[in-house]
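Q: Just passing along the structure, written as structure tokens.
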Amino acid sequence: MCTVCGCGDTTVEGHSHGHEHGHGHDHDHGHDHSHDHHGHHHHGAHGDLHFGTGPAGVSVGGMSQERLIQVETDILAKNDAHARTNRARLAGLGAYAVNLVSSPGSGKTTLLCATIRALGDTPLAVIEGDQQTANDADRIRATGAPAIQINTGKGCHLDGHMVGHALDHLDLAPESLVFIENVGNLVCPAGFDLGEDCKVAILSVTEGEDKPLKYPDMFTAARLAILNKTDLAPYCDADLDAYEANLRRVNPAIEVLRVSARTGEGLDIWIAWLRAQAGIKALRAKSAQTQAAE
Amino acid sequence: MHEMSLAEGIRSIVEDQARAHAFDRVSRLRLEIGRFAGVEKDALAFAFDVVMRGSPAEGAVLEMIDLPGSALCYDCLKTVELNDRLDPCPLCGGGRLLPQGGDEMRIKDMEVA
């Protein structure tokens, strides 16, 4: 298992003050939000976020009588509530959010930089998740796009709460594309809804054709898989058809694109795919607004 | 998977319930875990013991109830029960199956005092 997933020390760039708060108490600081989670997050340079843990307990007075309470609550209910809030916020803007998931080193950030350049003046923003460093957000900002780095500390995935904070720090234009680059990990991010419109899994051709079989949950959760680094396929005897067959074995409904972020091969189809999805969402948002106004 | 995070989620729900129902202690807690939920049960049991310290559920007995996994077979178009995520369709032998259920992770009930 991952040691301290989701409850490590997390930072967000952009604020110079830190604050701590525990369970179930009101706290008085400059942010207009409430927290269900415990621990603290620290706001660093550029608005990047750092989340952390702190043991906190509540003492509860009360009666004593052995009894059974029907709970029937999803363990991740709180995350799902944060995700719903994020989703409503994005829907209000007609913004389309993609949760990019993969193992470390599949080329997510390079693909993202190439994607941003190819999208030209389309309004967009990037949320970067890593355990440590703001290197990826720096790479994105070098393209001119706004980016917020979230450092999860020991955490192995982004959660809905962290992404909500990152959205607070991004001044999203209506109908923006929002790219959320999750922590490189093919296991945990599959279970955490961030409020995104879809997950896109990136799989590089150097990783082995059976990777979808080894980590089926992530590829089952993804709507699209990008088979990246296709320019390297001849050098590592990669069988691209076998990759696709294994992807469809774990998720018969998945779409697959073959791309090389380095050479630009296949990038035009990925861009067209993104524009189509985002365009549909923007039209739906407009239509909902029109109906609400009538 | 992310068993520590799950244990944190359980603790948070326990604390909410303790406030809502005014109890001090949980003696037994039952979870329902789907076969495809990706939960490592031993790891969750370990995380539970560690994370519940100082909470009303410290020392509580943790029970996990398995829920079956089901999937839609894209070859015979039937929904079938699967033991393992990569098993072939038990009806037609097909290999393209999309999970339909079995990713549950929820607290069913608690015995409290």
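Q: Counting only Cα, what are the radius of gyration and maximum Cα-Cα distance Dmax of the stretch A:179-229, in Å?
A: Rg and Dmax of the stretch A:179-229, Cα atoms, are 10.6, 30 Å.
Q: I would also like to ask the following. What is the spin-label model distance, in nm, from A:LYS214 to B:LEU77 if the labels are put 7 Å beyond Cα along the C-beta direction?
A: Label-label distance for A:LYS214 and B:LEU77, simple model: 3.7 nm.
Q: Could I have the simple spin-label model distance between A:ALA245 and A:GLU72, label points 7 Å from Cα toward Cβ, reported in nm to one decimal?
A: Reported label-point gap for A:ALA245 and A:GLU72 is 4.6 nm.
Q: Right, something else. Could you state the per residue volume, in Å³, of the convex hull enclosing the Cα atoms of chain B?
A: Details: hull volume 10.8 nm³, N = 113.
Spread over its residues, the Cα hull of chain B gives 95 Å³ apiece.
Q: Where does the Debye-calculated log10 I(q)/I(0) of the stretch B:8-58 sit at q = 0.19, 0.22, 0.28 Å⁻¹, using only Cα point scatterers of equal weight, no solvent?
A: Treating every Cα as an identical point scatterer, log10 I(q)/I(0) equals -0.66, -0.84, -1.16.
Q: Neighbour counts of other C-beta atoms within 10 Å: give me A:SER260, A:SER103 arranged from fewest to most. Provide the component values of the computation, followed by the final result.
A: On the way: A:SER260 22, A:SER103 18.
The order, fewest Cβ neighbours first, is A:SER103, A:SER260.
Q: How do the peptides A:121-133, B:84-96 rank, highest first, by the average count of neighbouring beta carbon atoms within 10 Å per residue?
A: Values: A:121-133: 20.8, B:84-96: 14.6.
With the highest mean Cβ count within 10 Å placed first, the list reads A:121-133, B:84-96.
Q: For peptide B:70-79, what's the mean number of Cβ atoms from other chains within 10 Å of each residue's Cβ? Present the calculation step by step, with values, prior to reporting the outcome.
A: Details: counts 0, 2, 2, 1, 5, 1, 0, 0, 0, 0.
The mean count of partner-chain Cβ atoms within 10 Å per residue comes to 1.
Q: Can you pick out the pairs among A:LYS211/A:LYS281; A:LYS154/A:LYS214; A:LYS78/B:LYS78 whose Cα atoms lie more than 26 Å from each other? Let's see the in-between values first.
A: Working: A:LYS211/A:LYS281 32 Å; A:LYS154/A:LYS214 23 Å; A:LYS78/B:LYS78 34 Å.
Among A:LYS211/A:LYS281; A:LYS154/A:LYS214; A:LYS78/B:LYS78, the Cα-Cα distance tops 26 Å for A:LYS211/A:LYS281; A:LYS78/B:LYS78.
Q: Over all directions, how big on average is the projection of the convex hull of the alpha-carbon atoms in the stretch A:163-294, in square nanometres? Can you show the working numbers first?
A: On the way: hull surface 38.5 nm².
With the hull built on Cα positions only, its mean projection is 9.6 nm².
Q: At 222 nm, what helix-only mean residue ellipticity would chain B give, in deg cm²/dmol to the nearest 500, using -39500 (n - 2.57) for each DSSP H run of four or more?
A: Computed mean residue ellipticity for chain B: -8500 deg cm²/dmol.
Q: Just checking the output field for A:212-221: average partner chain Cβ neighbours within 10 Å of each residue's Cβ? Please list the in-between numbers first.
A: Working: counts 0, 2, 1, 1, 5, 7, 1, 0, 7, 2.
Per-residue shielding by partner chains comes out at 3.
Q: Go through A:192-205, B:19-32 and give me the packing order, highest mean Cβ count within 10 Å leading. The partial results should precede the final answer.
A: Working: A:192-205: 24.2, B:19-32: 17.4.
Answer by packing, highest mean first, reads A:192-205, B:19-32.
Q: Rounded to the nearest 0.05, what FRET efficiency do A:GLU294 and A:ALA88 give with R0 = 35 Å and r taken as the Cβ-Cβ distance? Could you check? Numbers along the way, then the final one.
A: On the way: r = 21 Å, r/R0 = 0.59.
Result of the calculation: an efficiency of 0.95.
Q: Turning to a different aspect of this structure: Sorted by packing (mean other beta-carbon atoms within 10 Å per residue), highest first, where do A:154-164, B:66-76 land? Walk me through the intermediate numbers first.
A: On the way: A:154-164: 25.6, B:66-76: 17.3.
Result, highest mean first: A:154-164, B:66-76.
Q: Apply the Kirkwood formula to the stretch A:88-239: the hydrodynamic radius equals the inverse of the mean of 1/r over all pairs of different alpha-carbon atoms; give it in Å with one decimal.
A: 15.7
Q: If you add up the charges near B:GLY34, with Lys and Arg at +1 and Asp and Glu at -1, over every other residue whose beta carbon is less than 14 angstrom from its beta carbon, what do you get? Please list the in-between numbers first.
A: Numbers: positive: B:ARG35, B:LYS41, B:ARG85, B:ARG106, B:LYS108; negative: A:ASP74, A:ASP217, B:GLU32, B:GLU40, B:ASP66, B:GLU81, B:ASP84, B:ASP103, B:GLU104.
Around B:GLY34, the surrounding residues sum to -4.
Q: A further question follows. Which three numbers, in whole Å and largest first, are the semi-axes of the equivalent ellipsoid of the stretch A:227-294 derived from its Cα gyration tensor as √(5λ)? Spell out each step's value before the answer.
A: On the way: eigenvalues 255, 50, 5 Å².
Its equivalent ellipsoid spans semi-axes of 36, 16, 5 Å.
Q: Which aspartates and glutamates have a Cα less than 18 Å from the Cα of A:LYS199, not counting those fewer than 8 places away in the same chain?
A: Cα-Cα hits under 18 Å: A:ASP80, A:GLU128, A:ASP130, A:ASP159, A:GLU181, A:ASP217, A:GLU244, A:GLU255, B:ASP103.
Q: Let me ask another. Taking each residue of A:279-288 in turn, how many C-beta atoms of other protein chains fall within 10 Å of its C-beta, and what is the average?
A: Values: counts 0, 0, 0, 0, 0, 0, 0, 0, 0, 0.
Mean shielding count: 0.
Q: Any chance you could get the radius of gyration and Dmax over the Cα atoms of the stretch A:67-155, in Å?
A: Using the Cα atoms of the stretch A:67-155, the pair Rg, Dmax is 17.0, 62 Å.
Q: Moving to a separate point now. Label-point separation (nm) for A:THR263 and A:THR143, each offset 7 Å from Cα along Cα-to-Cβ?
A: The two pseudo-label positions are separated by 2.1 nm.
Q: Between B:ASP24 and B:ARG53, what length in nm is gained on full extension when 0.36 nm per residue of separation is reduced by their alpha carbon distance?
A: On the way: separation 29, 0.36 × 29 = 10.44 nm, distance 1.34 nm.
Full extension from B:ASP24 to B:ARG53 adds 9.1 nm.
Q: Could you please rank A:THR230, B:THR79, placing first whichever residue has the fewest other Cβ atoms within 10 Å of its Cβ?
A: Numbers: A:THR230 21, B:THR79 14.
If I rank by nearby Cβ atoms, fewest first, I get B:THR79, A:THR230.
Q: Here is a follow-up. In the stretch A:246-294, which trypsin sites (Lys or Arg not before Pro) fall in coil by DSSP and have 11 or fewer other Cβ atoms within 10 Å?
A: Passing both the DSSP loop test and the Cβ count: no residue.
Q: Going by Cα centres, the stretch B:51-111 and the stretch A:232-294 are how many Å apart?
A: Using only Cα atoms, the two centres lie 29 Å from each other.
FYI, it's all coordinate maths here, none of it is from the lab. Here the structure is a predicted model, which means the values were calculated and not measured. Cβ atoms come from the backbone with ideal geometry, glycine included; neighbour counts cover every protein chain shown.
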